[in-house]
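First the structure, in the form of C-alpha cells, and then the observations on it.
Read-outs throughout are calculated quantities, based only on the coordinates presented, and are distinct from any laboratory measurement. Computed from a predicted model, the values in this text were never measured in an experiment. When we count neighbours, we look across all protein chains shown, and the Cβ atoms used for this are built from the backbone with ideal geometry, even at glycine.
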Amino acid sequence: MGKSVFSISIFLFLFLFIIVFSIDSVNSSSCPVDLSYVQTYPWDRSSCLDPNGKFCCATLLSLIGMGLAAHLRETSLFQFPNETASAFCLSELQGRLATLSINPSVVPTCFPNATQFASNTSFCAGIVTIEDWKKLVGPTSALDPACKNFSGFSQCSSCVEAGYSVNAKLLSIQPNSTKCFYFAVLYATGILNDPKDEAAVACILRLPISSSKTKNQSSNNRTIKLVIGLLGALLGFLLASGLIILYRKWNKKRKQSALHEQFVSNLQASVLPNSGAKWFHVSELEQATNGFSQNNLIGQGASGIVYKGTLRHGNLVAVKQILDLDTKGDEDFTNEVEIISKIRHRNLLSLRGCCVTSDDSSGKRRFLVYDYMPNGTLSDHLSISHKRKQLTWPQRKKIIVDVAKGIAYLHYGLKPGIYHRDIKSTNILLDSELNAKVADFGLAKQSLEGHSHLTTRVAGTFGYLAPEYALYGQLTEKSDVYSFGIVILELMSGRKVLDTSTSPFQLITDWAWVLAKSGKVDDIFDEFIRAEGARAVMERFVLVGILCAHVMVALRPTITDALKMLEGDIDIPKLPDRPLPLSHECLRSSPSRYSFSTSTDRSATSSSMTSTISFV
C-alpha cells in the first residue's frame, strides 16, 4: 500500500512539473523579451497616468526600446523575430501596465499595428542583424566612441549627434529607409551600454526617469508644514501668517520648477529620438550667436527675436527666441516643434533643433533653430525701397510653384494634414538659389479627417486671412489657398496686400478683381517683369491668384488643382462672379467683435509692418 501511495505521489509531482515547464515554455516562446522591467524599473509614469495621455506614446516607445536593446544584445536581432512575437510582446505589455494602474488601451492607441516591431528588411537598408549593421556601417562607427560611459550632458549631446551622423550615412545608402535612427538608438543602448543603465537609457532612449529626490522632497515638505504649524501655534497669528506667505512663495517657485522640468521631459520625448531634430543646450546657442549679440540680430517681431548663428562645425543657422511666454508661448512653441518635427519637404523650412531653459537670472526661455536662409524673405524682394535686386519673372514663377508644392505637402502629404494658417510673404524664405521654403508654423493646426475647424481664437495677418475664417472662425484647407492667392497677386503685381494710400483702404484682391473683369490684366503685372515673360503664361498666374483668393470658399480650387492650373495641366475656369468687396466692411466692423493691432513682424532676415487680427 505504501509503495502505491509513493508511486502516485511521484507521478503527480512529474505531472505538475511537466505542466509548469510547458507553461514557462509557452510564455518564453510568446514574447522573447522579459518585460518584467516594466514593473520594476524606475521610469516616470506620470505621462501615462495623465488622463489626456498626450506624451505616453513617446514614453512607451522608449520603454519598448529597452526590451529591444536587451534583445539585440542577446540575439543580434534589432527587432522581434516575427510578427507573432511582436504582437505577443505588445499584449504582455498591456497586462504589465494594467498592474501599474495604467489604462492598457493606451498600447493599441499608440501602436495600432501590433506587428510594427517585427523584423523587416524594408525598414532600414535591409538591416536585420548586427552582422548586417556592420557590413553597412563598419566594425566601428561614430557611435562607438561617443556613446559609452555617460558622465554628463555634453557627452549625451555628442552621442545624439553621432546618431544623426550614422542615420545620414544609412539614408545615403537607401534614401527610402525608415527607423534607421531608431536602430542607431538600439545599437548605442544595447551593444555599447547596459540596456538598463539609467544614464544611458535617459540620454539615448529619452525615457523619463523617476527621481528619488522628488520622494525625499515630498517627505521634507510634510516636515516643513508640521514645523510651520508648530511655530505658528507657539509664536502667534502674525508670525504664522508671515511664515505661510513665505511658504506659498517658495511652493509656487517649486511648482513652477517642476512644471518646467515636466515640460522639458515631455517635449524631449515627443521630438526625440525619431524626428532627427537636435536638442541644443543654451550654451551652444550663446556661443553660436556671440552671446545673442545685437550684431547678430536679423529679425524681430511680436512673436520672437531671430539671431544669425554659426555652430561649431561652421553651419549657419537662424535662432528664434520665442517671446510672450506668459500667454500662449509654451502652447505655440510645443505646437510648432511637434508639427515641424514631422515634416521633411524641400519647400518647407525644417526644424534643425530646439532649446528650453529656465533659471533664476534669465527666467524661462524657448528657442527654435533653423537653417539660415541667405536671401531673406519674399517680402524683402517685393519692397522697392529694399536694397535687394528685384526678382525676375522666371524667379517669381518658380517661387509661386515652390510655395504651392509646400502647401500641397502640408495638406495631402501628411496624415492628418496640416493647415498653416499664416501663409504670407514674410513667412516665405529664400535660400541661396532662391528656392522658396514656407516657414513659421506656430499657428498651424492638424486637420480633422473630413471636417473643418471651428475656433474662436482666430489668429493670423489681416489681408491674408480668408473671410470665412476671419468672420466666423471656420478653418479649412481653402483658408490656406486664399492666403496663397494673395501671395501670387503680390508677386505678380509687386504691390503690398493692403494699400493704405487710399480711403477706405483697398485690398489687393479687390484691386486685381476690378482690373481683370474689365479686361486690363496687363495693368496687374509688375513693371519689372512685363517685358520678360509670355503674356498668356503671366495672365494664367494672375487668374489663378484671383481664383484662389475668391471670397466664396466653394469657388476656390484645392491647392493641388491650383498647382495643376499654374503648370498648365488643367484649364482655368471662367472667373465666377463675387460679392461686393468685404475688406472695407471688415475694417468698419464693431470693435466688440474684432481687435486690430499693428505690430512689427520681422522674419529670419528683415522686418515689415503688418496688421494682425484676433478675436477678443
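Find how much the distance from I245 to T392 grows on full extension, using 0.36 nm per residue of separation minus their present alpha carbon separation; answer in nm with one decimal. List each step's numbers first, then the result.
Numbers: separation 147, 0.36 × 147 = 52.92 nm, distance 6.63 nm.
Gain on stretching I245 to T392: 46.3 nm.
Could you calculate the FRET efficiency of S518 with Q446 from 1/(1 + (r/R0)^6), where r is the beta carbon distance between them and R0 is 41 Å, rounded to 0.05? Walk me through the numbers on the way to the answer.
Values: r = 42 Å, r/R0 = 1.02.
Result of the calculation: an efficiency of 0.45.
So what's segment 135-204 giving for Rg/Rh, alpha carbon basis, Kirkwood Rh from the mean inverse pair distance? Before the final figure, lay out the partial values.
Values: Rg = 11.7 Å, Rh = 12.1 Å.
Expressed as Rg/Rh, it is 0.97.
Out of residues 5 or more away from I418 or on other chains, whose amide H comes under 5 Å of its own, with H placed 1.01 Å from N in the peptide plane?
Counting only residues 5 or more places away or on other chains, the set is H411, S447.
What distance in nm separates the simple spin-label points at N82 and I173, each placed 7 Å from Cα in the Cβ direction?
Reported label-point gap for N82 and I173 is 2.7 nm.
For segment 311-316, in order, what is each residue's ³J(HN,Hα) by Karplus, 6.51 cos²θ - 1.76 cosθ + 1.60 with θ = phi - 60°, in whole Hz (x at glycine and Pro)?
Working through the residues one at a time gives 6, 4, 8, x, 6, 7 Hz.
Once label points are set 7 Å from the Cα along Cα→Cβ at both L414 and T140, what is their separation, rounded to one decimal in nm?
4.1 nm
Using 7 Å Cα-to-Cβ label points, what is the L226/S122 separation (nm, one decimal)?
About 6.3 nm separates the two model spin labels.
Which whole-Hz ³J(HN,Hα) couplings does segment 44-49 yield from phi under the Karplus relation 6.51 cos²θ - 1.76 cosθ + 1.60, θ = phi - 60°, glycine and proline marked x?
Each residue's phi maps through the Karplus curve to give 6, 8, 4, 5, 8, 7 Hz.
Students often check this: by mean Cβ neighbours within 10 Å, which of 566-578, 428-440, 278-290 ranks highest, and how do the rest follow? Before the final figure, lay out the partial values.
Values: 566-578: 12.5, 428-440: 20.8, 278-290: 17.9.
Highest-to-lowest ranking by the protection proxy: 428-440, 278-290, 566-578.
Under a 5 Å amide H to amide H cut-off, with H placed in plane at 1.01 Å, what residues pair with A436 once short-range neighbours are removed?
The answer is none.
How much length is gained if the chain between A98 and L238 is pulled fully straight, taking 0.36 nm per residue apart and subtracting their Cα-Cα distance, in nm to one decimal? All intermediate terms of the calculation are to be shown ahead of the outcome.
On the way: separation 140, 0.36 × 140 = 50.40 nm, distance 4.95 nm.
Residue separation times 0.36 nm, minus the Cα-Cα distance, leaves 45.5 nm.
Give me a comma-separated list of calculated 3J(HN,Hα) values for segment 295-300, in order, Karplus coefficients 6.51, -1.76, 1.60 applied at θ = phi - 60°, integers in Hz, x for any Gly or Pro.
5, 9, 6, 10, x, 8
For a Förster distance of 41 Å, can you work out the FRET efficiency between the beta-carbons of D194 and T500, rounded to the nearest 0.05? Mind showing how you got there, number by number?
On the way: r = 66 Å, r/R0 = 1.61.
About 0.05, to the nearest 0.05.
On the principal axes of its Cα set, how long, how wide and how thick is segment 500-563? Give whole Å, largest value first.
Result for segment 500-563: principal-axis Cα extents of 34, 33, 19 Å.
Quick one: if the Förster radius is 41 Å, what FRET efficiency do L471 and E161 give, using the C-beta to C-beta distance and rounding to 0.05?
With R0 = 41 Å, the Cβ-Cβ based efficiency is 0.25.
Taking 0.36 nm per intervening residue step and subtracting the Cα-Cα distance, what contour gain separates Q294 from E532 on full extension?
Details: separation 238, 0.36 × 238 = 85.68 nm, distance 4.05 nm.
Separation in residues times 0.36 nm, less the Cα-Cα distance, equals 81.6 nm.
If neighbour count is taken as other Cβ atoms inside 10 Å, put W511, W43 in order from fewest to most. Can you show the working numbers first?
On the way: W511 19, W43 24.
Listed from fewest to most nearby Cβ atoms, that is W511, W43.
Quickly rank 195-204, 304-313 as a protection proxy: mean count of other C-beta atoms within 10 Å, highest first.
195-204, 304-313
Can you list residues whose amide H is under 5 Å from L351's amide H, if they're 5+ apart or on another chain and H is modeled 1.01 Å from N?
Excluding prolines and chain starts, which carry no amide H, there are no hits.
With a sphere of radius 14 Å drawn around the Cβ of F123, what net charge do the other residues whose Cβ falls strictly inside it have (Lys, Arg +1; Asp, Glu -1)? The partial results should precede the final answer.
Values: positive: K179; negative: E83, D132.
My count for the surroundings of F123 gives -1.
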